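The values are calculated or read from the model by the stated rules, or taken from the named source; none is laboratory data. Remember, it's a predicted structure, so these values are computed and weren't measured experimentally. When we count neighbours, we look across all protein chains shown, and the Cβ atoms used for this are built from the backbone with ideal geometry, even at glycine. To get the accessible areas, we keep the full protein, side chains included, count just its heavy atoms, and leave off ligands, DNA and RNA. Shrake-Rupley method; radii C 1.70, N 1.55, O 1.52, S 1.80 Å.
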Amino acid sequence: MSGRIYIFDTTLRDGEQSPGASMNTNEKLRLATQLERLGVDIIEAGFPAASQGDFDAVSRIAGRLERTRVAGLCRAGKNDIDKAWGAIQHARFPRIHTFIATSDIHLEYKLRMNREEVVQAAVDAVKYAKSFTDDVEFSAEDGSRSDRDFLCRIFGAAIEAGATTVNLPDTVGYAIPEEFADMVRYVMSNTPNMHKAVLSVHCHNDLGLATANTLAAINAGARQAEVTINGIGERAGNTSLEEVVMAVHTRPNSISATTNINTRQIYSASRLVSMITGIIVQPNKAIVGANAFAHEAGIHQDGVLKNPMTYEIMKPEDVGVNTNKLVLGKHSGRHALKDRLRELGYELSEDELQQVFMKFKELADKKKHVMDEDLEALVTEGILRTPDLIRLEYLHVAAGTSVMPMASVSLRIGEESVRGADWGNGPIDSTFNTIARLTGTESRLLRFTVSALTDGADAQGEVVVRLKEGDRIALGKGADPDIITASAKAYINGLNRLKYLRDNPVEKGRDTI
Ligand SMILES: [Zn+2]
């Protein structure tokens with residue numbers, strides 16, 4: 001089998017379901033723009049019925065994208081489908097993606113429906129969706145644990161009702177490659193009118209097999225892969241876009257398929273997702289991890305210097321690592337900054353550019369070389385974030401071997417300015433104690449990590465905190481040449497994100513594929 005496969009990116013929907021990965025509308029729009037640059041075929045922008053915030057973000061994305069299909073996820077019910085259509089109707093290429101569970105265990109314990117009723121619900125949903133748009137995808141939730149003949153039956157009925165894509169999800173990450181490929185072949189050969197629709201797969205990584213299962217399915221005839229950047233998603237995550245795309249790209253003889261992805265945009269997309277969500281990419285992550293192209297062993301380095309292909313199966317520049325790295329400094333002007341930001345994919349208004357330029361000048365005073373990572377941090381912190389309720393105005397910390405660590409902090413909370421001082425076990429602890437007291441937060445700090453944003457002793461420190469308040473989890477991020485300030489910024493960002501989550505409650509207990 002050969003041919004083009006469609007890359008369906010669900011970073012904005014399934015990816016956002018990773019604990020703590022919520023993104024605001026500006027961040028989602030920026031990511032959607034980058035996904036379009038990357039060349040994905042379909043962007044699943046959200047689940048419009050889940051929350052007003054999701055609805056608004058999907059609707060903004062639908063209005064913005066020029067070439068990419070925009071899908072909205074919805075359960076198989078009129079209300080959900082109405083919401084999905086309401087959000088995507090202005091897209092140039094809208095797709096309604098509706099689903100219902102098909103495994104016996106879900107039918108019995110969750111839906112309390114028999115197979116006849118489930119087929120009828122799927123047909124009704126597809127027909128109703130079809131009254132709005134030609135492009136309708138139907139997914140069989142928990143497909144990999146469903147009876148094969150029942151899958152063929154429900155897919156056949158969905159296609160008959162007008163579905164143009166049918167998706168077989170491994171919702172719980174249970175599949176094994178050979179078995180999954182076999183299932184795909186079975187569905188391809190036994191679903192009535194299968195040639196009238198595209199067969200898609202959607203895998204989860206609970207056993208670390210999401211990419212393997214997706215590739216096996218492609219070789220068995222699937223023509224759409226549902227993926228996320230960095231593999232983020234519920235639990236252990238989804239199939240990672242970069243792994244599938246680079247496997248197809250690197251092994252054309254073994255996986256006979258092509259994609260429309262501009263692989264040189266992969267690294268930027270990966271960094272952007274990590275920066276926006278605060279979910280750090282593990283260093284040994286395939287394709288996009290910090291060590292993915294680092295050859296430590298001496299013999300490897302020697303070989304790579306003589307001919308990179310001795311040990312490198314891909315070139316770092318193929319995925320956009322280290323290409324055209326430009327360093328800005330103190331003397332760089334507005335124009336150079338604007339050009340560089342545009343190359344990185346940020347189209348800013350004059351006002352926004354001015355804001356970033358001021359921050360850039362401040363940073364360039366403290367740090368000799370301003371790298372792309374620094375610029376991205378300035379933009380994500382300065383422009384993309386939700387207008388913050390809480391802002392840091394002033395921070396002074398005394399710490400050392402012979403003083404009790406003490407922080408004085410001034411915050412702006414809405415229109416009000418508040419200040420206070422408190423002590424702690426160290427400079428960061430005292431800063432956090434003071435901020436916690438001034439804001440009256442009831443959140444708990446679950447995790448705190450600090451790393452360097454770039455190489456060099458003057459690198460900015462990047463801090464990520466994970467906060468929990470009730471059943472809400474938020475990640476906060478902050479970057480600054482001073483790590484205490486970076487920590488304060490990260491903590492405050494986390495508190496602002498918790499507020500965003502409180503203001504935009506997501507429907508509880510909803511099922512997804
Ligand atoms: Zn999923």
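At a glance:
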{"read-out": "Folded to 0 to 90 degrees: helix 334-343 orientation relative to the chain principal axis, Cα", "value": "30"}
{"read-out": "Angle between the chain longest axis and helix 266-277 axis [Cα atoms, degrees, rounded to 10]", "value": "70"}
{"read-out": "Stokes-Einstein translational diffusion, region 316-372 - Kirkwood Rh over all Cα pairs, 0.692 mPa s, 37 °C, in µm²/s", "value": "272"}
{"read-out": "Cα pair distances exceeding 24 angstrom across region 204-314, given as percent", "value": "31"}
{"read-out": "Accessible surface of the chain, 1.4 Å probe, proportion on carbon and sulfur as whole %", "value": "49"}
{"read-out": "Overall dimensions of region 13-171 by Cα: Rg and Dmax, Å", "value": "15.5, 44"}
{"read-out": "Accessible area per residue in Å² at 1.4 Å probe, computed on region 77-133", "value": "50"}
{"read-out": "FRET efficiency, 1/(1 + (r/R0)^6) with R0 41 Å, evaluated for N190 and E317 via beta carbons", "value": "0.40"}
{"read-out": "Relative counts (whole %) of C-alpha pair distances in the chain, using bins that are 10 Å wide", "value": "4, 18, 27, 24, 16, 8, 2, 0"}
{"read-out": "Bridge type composition, the chain - antiparallel percent by DSSP, nearest 5", "value": "50"}
{"read-out": "At 0.890 mPa s and 25 °C, Stokes diffusion of region 414-453 via Kirkwood alpha-carbon radius, µm² per second", "value": "209"}
{"read-out": "Shape of region 106-200, Cα gyration tensor, a/c cut at 1.5", "value": "oblate"}
{"read-out": "Cα point-scatterer Debye curve for region 375-424, base-10 log of I(q)/I(0) at q = 0.26 Å⁻¹", "value": "-0.92"}
{"read-out": "Helix-derived mean residue ellipticity, 222 nm - over the chain, DSSP H n ≥ 4, -39500 (n - 2.57), to 500", "value": "-12000 deg cm²/dmol"}
{"read-out": "Percent RCO, i.e. relative contact order, over the chain, from Cα pairs under 8 Å lying at least 6 residues apart", "value": "12"}
{"read-out": "Distance from region 192-208 to region 359-415 (C-alpha centre basis), Å", "value": "46"}
{"read-out": "Sites R444 and R419, calculated FRET efficiency, Cβ-Cβ separation with R0 22 Å, nearest 0.05", "value": "0.35"}
{"read-out": "Bins of 5 Å, starting at 0 and running to the largest distance - Cα pair percent for region 458-513", "value": "5, 20, 22, 17, 13, 11, 6, 4, 2, 0"}
{"read-out": "Label-point gap, in nm, between E66 and N253 - each point 7 angstrom along Cα→Cβ", "value": "4.0"}
{"read-out": "Angle between the chain longest axis and helix 115-130 axis [Cα atoms, degrees, rounded to 10]", "value": "70"}
{"read-out": "Gap separating the Cα centres of region 118-163 and region 1-61, nearest whole Å", "value": "22"}
{"read-out": "Share of alpha-carbon pairs per 5 Å distance bin for region 324-441, given as whole %", "value": "2, 10, 17, 15, 13, 14, 13, 10, 5, 1"}
{"read-out": "Cα→Cβ-extended label distance, 7 Å offset, between R37 and A236, nm", "value": "3.3"}
